[in-house]
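Working notes, beginning with the structure itself.
The values are calculated or read from the model by the stated rules, or taken from the named source; none is laboratory data. Keep in mind that what you see is a predicted model, and the values were worked out from it rather than measured. Note that we place each Cβ from the backbone using ideal geometry, even for glycine, and neighbour counts take in every protein chain shown.
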Amino acid sequence: MTLPTQFQIKCPTCSRSDQTILVEDIYFGLIEKDQKVIARFSIQPDQIKPLLRDINPPTLERLPIWLIIPPDIFIGIIIGIILLLVVISGMQQGFDQKVAFPIVFLLVYFILRRYLNAKYIAKKKERDKEINQAKKAADRWSSLFICLHDMTVFSGHSDNYFPINEFQNRIYTDFHVDSTSD
Ligand SMILES: [Zn+2]
């Protein structure tokens, strides 16, 4: 908690500092239902949910497993499982047909391999870019303050400020937050 240090931080809209708090602090205060924070800013129970939604921190969408691991490894795991099932399901009858399945599967994979790998690499690049953007957005998120008088969100480092309803757009777009210390 950094409550005491931020009383000096003035809201650029109303120039008051008694209701300003780091977005991060109010977010976690509300998530944890911290009574000190709730009482200090006289937050009503029906305000909590919309406020949390507005200042939600940036998240990364979870990808399905086959987009995270390289195709060779993924197919290797599948072949391994198929072979294991073939062995477990008994070798006495139809063993040849059962072994034929993973072989056909592998052949098909080798035909598609180049295409699947190219897709995987493209996806990975896109993912790395998204991770980078999410990191930047997270840095931005944790540098913002909010004034609860007028729901103005503002940067602790620069002159940027905007109404809370622009919050989600703003943390993903490149407004300048310079990191020079005061
Ligand atoms: Zn204000």
Pairs returned, first residue in the stretch 11-31 that is on the phi > 0 side of the Ramachandran plot and of a type in the set (A, V, I, L, M, F, W, C), second residue that is outside any strand (DSSP E or B) and away from the ligand (no atom under 14 Å from the Cβ), beta-carbon separation under 6 angstrom, 6 or more apart or interchain, are none
Give me a count of the residues in the stretch 120-165 that are within 16 Å of the ligand (Cβ to nearest atom) and free of Cβ contacts under 8 Å to residues at least 12 places away in the same chain. 1
Failed condition for Ile38, given (1) assigned by TED's automatic domain parsing to the domain that holds Glu166; (2) crowded, with 16+ Cβ neighbours inside 10 Å; (3) in contact (Cβ under 8 Å) with a residue 24 or more places away in the chain: (3)
Tell me yes or no: at least one residue of the stretch 23-30 is within 26 Å of Asp159 (Cα to Cα) and within 16 Å of the ligand (Cβ to nearest atom). yes
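Just give me the residues in the stretch 139-154 being among the polar types (S, T, N, Q) and in contact with a Ser or Thr (Cβ under 8 Å, 6 or more places away or on another chain), in sequence order.
Filtering the stretch 139-154 down to residues among the polar types (S, T, N, Q) leaves 142-143, 152.
If the condition is that a residue be among the polar types (S, T, N, Q) and in contact with a Ser or Thr (Cβ under 8 Å, 6 or more places away or on another chain), then Ser143, Thr152 are the ones that fit.
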